[in-house]
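Each reported figure results from applying straightforward, stated rules to the coordinates on display, with no laboratory input. Owing to the predicted nature of the structure, the values given are computational and were not obtained by experimental measurement. All Cβ positions, even for glycine, are placed from backbone atoms using ideal geometry, and neighbour counts span all protein chains on display.
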Amino acid sequence: MGGKVTCTLGEVKNRADLVIYWGGNPAECHPRHFTKYALMPKGKFVPNGRKDRTMILVDIRETPSAKAADIFLQIKPTKDFEMITVLRAIIKEQPVDPAIVAEIGLSLEQLRDLADRMKKAKFGVMFFGMGLSMTRGKHMNSAALLTLAAELNAFTKFVAMPMRGHGNVTGGDVIMRWMTGYPFGVNLARGYPRFNPGEFSTIDMLIRGDCDAALILGADPGATMPQPAIDHLARVPTITLDPKVTHTSRISRVHITTAVTGISAPGTAYRMDEIPLPLRPALKSPYPTDEEVLRRIRQKIACKPLQLPPTVPMMTDAE
Amino acid sequence: MELTITKNATCTFCGCVCDDIELHSDGERITHTKAACVLGASWFKNHTAEHLYPDALIDGKPATVDEAIELAADILYDADMPLIYGLSNITCEAQRESVGLAEMVGGIIDSHTSL
Amino acid sequence: MQLTATTAKTVLTLKQRPHIPLEAEVLTPDRLAFKTRDEIAALPLVLGKRQVRVDDYFDVEGDGSHELEIHGDVGRVKWIGRGMTRGRIVIRGNAGMHLGAFMSGGAIEVDGNASDWVGGEMRGGLIRVTGNAGGQIGAAYRGSMSGMRDGTILIGGTAGLEVGMRMKRGIIAIRGKVKDFAGLQMKGGTIVLMSGAEIRTGAWMVRGTIISLAPLRLLPTFAFTSAYDPTFLNLYSKCLAPYGFALPRAGKEGIYRRYMGDSAVPGKGELLVWQPNSP
Amino acid sequence: MRGNSILRIVGGRVYDPANGVDGVVRDLCICDGKIVADVEAGRTIDATGMVVFPGGVDVHTHVAGAALNFARAMIPEDHRRNLAFVRDRIRHGGIGGSTPTTYITGYLYAGQGYTTVNEAAVPILTARHTHEELRDTPIIDKSTCVLMANNEIVLDLLEAGEYERAKEVVGWSIWAAKAYGVKAVNPGGVTAWKWGKDVKGFREPVPGYSKVTPADIVSSLAKIVDELRLPHAVHLHCNNLGAPGNVATTLETMKALEGSRAHLAHLQYHAYGGDDWTNFRSESVRIAEEFNRNPNLTTDAGAVLFGNTVTITADGPWQHLLHKLTGRKWGNIDVENETGCGVVPYVYKEKNLVNAVQWAVGLELLLLIDDPWRIYLTTDHPNGAAFWRYPEIIRLLMDLDFRREQIRKLAPAALNRIFLPELNRCYTLYEIAIITSAGPARALGLANKGNLGVGADADVAVFNNDKDAAKMFSYPRYVIKGGEIVIEEGEIRNTVEGKGLLVRPHYDPSVEDFIRPLFEKHYTMSFDNYPVELERVEHAEVRPCN
């Protein structure tokens, strides 16, 4: 897959004169994204803040975020990939079929205007949310947007960034990368890391019944995943670590209550732009931290006979 | 209870991870937040230092943390293909332990990113 | 003692369906050909974090040969035929993920369904599946520059997402309908869709040909160029006919409409969509 | 941390250039992690017939931090192509290849006798991340250089002619990042890249500024580093990296330094002639001649080896160009107010003219620069090749027949663009010990490294004396780190933890009152969360500035 052209949020604050939100509703889901980072603040090169920026929202429905937009482009559901692909063609002055473009829910003129604004921006940024990355096309929708952003650099400065949802999900990516070389879905069964989304990603694994035990922490799949996945979690021995007794706890063999990240557990968390920040807990928890529980589980296992990985030859693409 | 003020606290509710929050606490709960958004403020106020939940549960019944850790270790050790999943609302330090644990028990480790 | 591969078959019969996926990259004619029955029985498979033996999961009949027959539902057995260069594997039952990945020669036949990544990054040879297959057929693994570089994959039923992703050469023919992104970022080779596809067919393709006998929902970045009778289809017809994939010739019955794209890249791939003459 | 084992290595041929010892058979004694004059009892290692080197020191590498970690996620195909590392009783599992995972980085460095490395590019903003990764990089000691040549607070001060205050800011920043030295990457060019541009001329104002030029940034930072008395000179990645004809910029840069100390990083990438890719050629002779005349300078080769790798640099504009040239995937992160980074996978091919010239230039510089104490072995890992391929370069330097054989594999058209076929110099083991250990240790100002004298750190590598230098340096018989045997018979025996080396330069603490309001205006995190706490650096050793 392609790369990713991105930046830290301060670059957006200081420079961005075109801010595009795609498939996300920051007004409700990331309330300070507008005010602290991307839209309202006065920046070094956008001294008038909001006045110096154009904000465009692309979504399938009018959310409260639309009020903050200069231009709201409402598109038909599941047409994001088509729209981005058309924009890629337009910026290169390549032909597109207007009749099929119409299915996106926008006119060719609207798309041309958008492409034009993108090319004319001094510093453009696209933030994309789950409305893009979790709808039909999934990772290809994200890849499309990242590719468009990269290609716009032939004309001006342009970056893209996912609006990561849950707290420290970014930290998980970062740490798995340095420890295993891959950002998520890493199989360590053979003693070295292997990666193949779809094969080793949780929902697929659970639906196929590919694991025979589970440890869940910092998530509540019992409340959010499709039923067949939950059924498998209930079927196998599951361990849950959470500050509360969750839906997942209730289908688990073991639940351990832990201190709350950043409130009563110290440590580090990564912001969506991969900047690490220290946590400053204000309370003392009566419960141990996740870190401590995990360490103690490891200590317990370390007392058992060592399990070494299979000795079969490694699979490499080079063979 | 004495009021303590924590400055430059970091909110991990959403991916913005704002680190300019001021928290006032009475030792048991956070009574006041400054700079936090609505979501952040309710996140901070929703969690207290009270002992509201059992330390641990085994098969739905209260257990000690020691017992729970022991059983958790057995389960992961005995499994042929354990899965470790989540990693969103935990610290980097805990994430690092999770990867170490996954390696030790020969499992798969995954986060919300795969969704 | 010098062993020679016998002409007889090696037959593996699944004893029990594994409770989690079993990795069996050792099951190729190349690896089995010169082994005795007992040696084959002792070969390692990987079950999660455990190493097991072939005979923990299979009854083994016959010494090693270039002909491997597997009986039973091996839908959870991955990597069968990985990197094989010669010989034949016949699976009487469903096959698991990565069937024939990286293979460069020989043939695999599945009398049943197959899973994802059939012929992933294959270099040559033939894979034939009578039933349905999963996604990423003949595709590139994550990050790789190209998918299958040669060979033939024939699927009797339907197939999933990203068929032929980044393929460079070779043929994939699928009788049933396929899901989204067939021919994604295709660089060459041919995909034949006997029953068409869902959406985004040929997305971001650079070169190569996708032939569909059913109407396609096109991306706006494909442009109609001509309606014609592509003579090179004869060649494919000849090659595919023995397997029951007959391509109609333009003429009385209809014609092929040719589209070029994907202009987003911009690419010069072609989509040939069969348009029957209205009666 | 400190080794408590007592060791005597007997009968080895010792190469210890820091003390002028050139292949003398002598015993080496180790106690409490240090080289000592003599020991009683303890373990004896028989090194008869073997070669004893001070542990290797890498003056310039990219092994940890946001940019490298970004690259890791971008190249799963590279991970799969190379052999991974399987967990065993002692070792963690992980990925090898162009961007090894952290544990493996430590094992691989130690596995070729290296015990100290300098991570050459750290933004302050993500220094916390870099130190976390380095903590997970076992065995070796680690220092870091903090990126300053595109830091907008510093550039704005230089523009305003406030040199003294810029110096205070640099001093403060080094301590905030818990760094050891100062790195300058494409001075002014990365800032320009924030608008999609690059700097134009070395003596023309940086886009967005009216006065300050790359030359000003270079000379100011060199002077600042000298005045802060940092143990390591300014670590300089010159402007115009990789570009045809960049020899002019590099020569101008040497001039602009006006006698200040400087370390010119990966000089190979800055020694090209020609006007474009069609007449691209080596200018190593001109570069080496000028370099030889400037005793204030040190450098490292940044050599290239053929094969797959991934390029990672803070030089954003260059990476965009490389992406356009190769059509390979491209990653980029701009770091607010400080720097940027670009990532592009790359394959160096023997039959590619440009690549052939690059391959030759790295070796030419190593052979043409006459003082081995001033040029060090690097590949600008992973840019020129992965660091674990250093032994291949050593062989090319020591073995003339082998080198000629390799030259024959180049595209013939490359031969009249390079000087390598005419160079007959071969490195001695003594010189190899200088360019891999004693020299870089001296350049870094680490008197206790690259040194087998009494009182030095007991970081030692023992090699078989093999005719094939590549084999010899790939499989040390023993590696001792801080007095502990970490490699024995080529196998990892012990994964000790390494130290974090840093400095606390003198600066006026009140500079914080100047930085804070600017920071609050231009950054997006809290100022109080910005500096890395000292406890975050594992086994921190604060080295003196004098």
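Of C:HIS71, D:TYR390, D:ILE174, which is farthest along the charge dipole of the protein assembly as shown in the positive direction, counting Lys and Arg as +1 and Asp and Glu as -1 at C-beta?
Toward the positive end, the furthest listed residue is C:HIS71.
Would you please give the residues with an amide H less than 5 Å from that of A:ARG280, counting only those at least 5 places away or on a separate chain, with H modeled from the backbone geometry?
Amide H neighbours of A:ARG280, under 5 Å, 5+ apart: B:THR10.
Starting from segment A:48-103, pick out the trypsin sites (Lys or Arg not before Pro) whose DSSP state is loop and whose Cβ has at most 10 other Cβ atoms within 10 Å.
Of the trypsin sites (Lys or Arg not before Pro), the ones in loops of segment A:48-103 whose Cβ has at most 10 other Cβ atoms within 10 Å are A:ARG61.
Using the Karplus curve 6.51 cos²θ - 1.76 cosθ + 1.60 with θ = phi - 60°, what ³J(HN,Hα) values do you get for each residue of segment A:250-257, in whole Hz, with x for Gly and Pro?
Once θ is set to phi - 60°, the couplings for segment A:250-257 become 6, 9, 9, 6, 10, 10, 10, 7 Hz.
Under the rule of at least 5 residues apart or a separate chain, name every residue whose amide H is placed under 5 Å from the amide H of A:TYR270.
Correct list: A:GLY171, A:LEU277.
Counting DSSP beta bridges in chain D, what percent are antiparallel, to the nearest 5?
55 percent
Mind jotting down a quarter of the surface of the convex hull over the alpha carbons of segment D:153-254, in square nanometres, one decimal?
6.4 nm²
Relative to the compact globular guide of 2.2 N^0.38 Å, what is the alpha carbon radius of gyration of chain B, as a ratio? It would help to have the intermediate numbers written out before the result.
Numbers: Rg = 17.8 Å, N = 115, 2.2 N^0.38 = 13.4 Å.
Cα-based Rg divided by the globular estimate yields 1.34.
Grab the alpha carbons of chain C, take their convex hull, and tell me the volume per residue in Å³.
On the way: hull volume 35.2 nm³, N = 279.
Taking the convex hull of the Cα positions in chain C, it is 126 Å³ per residue.
Calculate how many DSSP beta bridges within the protein assembly as shown are antiparallel, expressed in % of all such bridges and rounded to the nearest 5.
That works out to approximately 40 percent antiparallel.
Output the 0 to 90 degree angle, nearest 10, between the alpha-carbon long axis of helix B:65-78 and the longest principal axis computed from the alpha carbons of chain B.
40 degrees
P(r) for segment A:145-248: what percent of alpha-carbon pairs falls in each 5 Å bin, starting at zero?
Over segment A:145-248, the share of Cα pairs per 5 Å bin runs 2, 11, 15, 18, 19, 15, 8, 5, 4, 2, 1 percent.
If you take every DSSP beta bridge whose two residues both sit in chain C, what share of them, in percent to the nearest 5, is antiparallel?
Roughly 35 percent of the DSSP beta bridges within chain C come out antiparallel.
I'd like the Kirkwood hydrodynamic radius of chain D, using the inverse of the mean 1/r over distinct C-alpha pairs, in Å. If you can, show how the numbers build up before the last one.
Values: mean 1/r = 0.0431 Å⁻¹.
This gives a value of 23.2 Å.
For segment A:9-162, what is the charge dipole size about the Cα centre, in debye to the nearest 20, if Lys and Arg each add +1 at the Cβ and Asp and Glu each add -1 at the Cβ?
Dipole magnitude for segment A:9-162 comes out near 700 debye.
Going toward the positive end of the dipole of the protein assembly as shown, with +1 on Lys and Arg Cβ and -1 on Asp and Glu Cβ, which of C:ILE155, C:ALA246, C:ALA197 do you reach last?
Among C:ILE155, C:ALA246, C:ALA197, the one farthest towards the positive end of the dipole of the protein assembly as shown is C:ALA246.
Under 11 Å from the Cβ of C:GLU69, count the other residues' Cβ atoms, weight Lys and Arg +1, Asp and Glu -1, and hand me the total. Spell out each step's value before the answer.
Details: positive: C:LYS9, C:ARG88, C:ARG92; negative: C:GLU61, C:GLU67, C:GLU109, C:ASP111.
Net of charged neighbours comes to -1.
Extending each Cα 7 Å along its Cβ direction at A:GLU93 and C:CYS239, get the distance between those two points in nm, one decimal.
3.9 nm
Note down the net charge around A:ALA259, summing +1 for each Lys or Arg and -1 for each Asp or Glu among other residues with Cβ under 10 Å from its Cβ.
Net charge around A:ALA259: -2.
In segment D:479-546, which GluC sites (Glu not before Pro) fall in coil by DSSP and have 14 or fewer other Cβ atoms within 10 Å?
Filter output for segment D:479-546: D:GLU489, D:GLU533.
Suppose every Lys and Arg Cβ carries +1 and every Asp and Glu Cβ carries -1, with no other charges. What dipole size does the protein assembly as shown come out with about its Cα centre, to the nearest 20 debye?
For the protein assembly as shown, the charge dipole is close to 3000 debye.
Working only with C-alpha atoms, what are the Rg and Dmax values of segment B:56-114, expressed in angstrom?
In Å, with Rg to one decimal and Dmax whole: 12.4, 33.
Can you give me the relative contact order of segment C:116-276 as a percent, contacts being Cα pairs under 8 Å and 6 or more apart? Can you show the working numbers first?
Values: 527 pairs, mean separation 25.8, N = 161.
Normalised by residue count, the contact order of segment C:116-276 is 16 percent.
Say R0 is 56 Å: what FRET efficiency, to the nearest 0.05, do B:LEU52 and D:ASN19 get from their beta-carbon distance?
Efficiency computed from Cβ-Cβ geometry: 0.25.
May I have the convex hull volume per residue, in Å³, for the Cα set of segment D:480-546?
Once divided by residue count, the hull of segment D:480-546 is 144 Å³.
How far is it, in nm, from the label point at D:THR278 to the one at A:ALA154 when both lie 7 Å from their Cα along the line to the Cβ?
Each label point is offset 7 Å from its Cα along the Cβ direction, giving 2.2 nm.
For D:ASN296 and C:SER195, FRET efficiency with R0 = 56 Å and r from the beta-carbon atoms, rounded to 0.05?
On the way: r = 74 Å, r/R0 = 1.32.
The value I calculate is 0.15.
When the Kirkwood hydrodynamic radius is evaluated over all pairs of different C-alpha atoms of segment C:119-271, what value in angstrom, to one decimal, is obtained? Write out the running numbers ahead of the final one.
Numbers: mean 1/r = 0.0672 Å⁻¹.
The Cα-based Kirkwood calculation yields 14.9 Å.
Hey, what D do you get for segment A:169-302 in µm²/s if you plug the Kirkwood alpha-carbon radius into Stokes-Einstein at 4 °C and 1.567 mPa s?
80 µm²/s
Treating only the Cβ of Lys, Arg, Asp and Glu as charged (+1, +1, -1, -1), what charge dipole size does segment A:169-302 show about its Cα centre? Round to the nearest 20 debye.
It works out to roughly 440 debye.
For the charge dipole of segment B:56-114, defined by +1 on Lys and Arg C-beta atoms and -1 on Asp and Glu C-beta atoms about the Cα centroid, which residue among B:THR113, B:ALA68, B:LEU101 has the Cα displaced farthest towards the positive pole?
Most positive-ward Cα: B:THR113.
What is the mean number of Cβ atoms from other protein chains located within 10 Å of the Cβ atom of each residue in peptide A:238-244, rounded to a whole number?
Average per residue, whole number: 5.
What percent do you get for the relative contact order of segment C:89-190 when only Cα pairs under 8 Å and 6+ apart count?
Worked out over segment C:89-190, it gives 21 percent.
For segment D:62-98, state which trypsin sites (Lys or Arg not before Pro) are in a DSSP loop and have at most 12 other beta carbons lying within 10 Å of their beta carbon.
Details: sites: D:ARG72, D:ARG80, D:ARG81, D:ARG87, D:ARG89, D:ARG91; in loops: D:ARG87, D:ARG89, D:ARG91.
Within segment D:62-98, the qualifying trypsin sites (Lys or Arg not before Pro) (loop, at most 12 other Cβ atoms within 10 Å) are D:ARG89.
First check a/c for the protein assembly as shown, with a ≥ b ≥ c the square roots of the eigenvalues of its C-alpha gyration tensor; if it is under 1.5, answer rounded, and if not, answer prolate when a/b is larger than b/c or oblate otherwise.
The shape class here is rounded.
Starting from the Cα coordinates of segment B:4-45, work out the convex hull volume and express it per residue in Å³.
Details: hull volume 2.3 nm³, N = 42.
Each residue corresponds to 54 Å³ of Cα convex hull volume.
What's log10 of I(q)/I(0) for chain A at q = 0.12 Å⁻¹, Debye sum over Cα points only, no solvent?
One equal scatterer on each Cα of chain A leads to -0.97.
With r defined as the distance between the Cβ atoms of A:GLN74 and C:ALA214 and R0 fixed at 45 Å, what FRET efficiency is calculated, to the nearest 0.05?
The formula returns an efficiency of 0.90 here.
Taking H placed 1.01 Å from N in the peptide plane, check which residues at least 5 places from C:ILE153 or on another chain put their amide H under 5 Å from its amide H.
C:ILE127, C:ILE171, C:ILE172, C:ALA173
How high is the relative contact order of segment A:9-162? Use alpha-carbon pairs under 8 Å, at least six apart in sequence, and give a whole percent. Working shown, then result.
On the way: 266 pairs, mean separation 40.2, N = 154.
Value for segment A:9-162: 26 percent.
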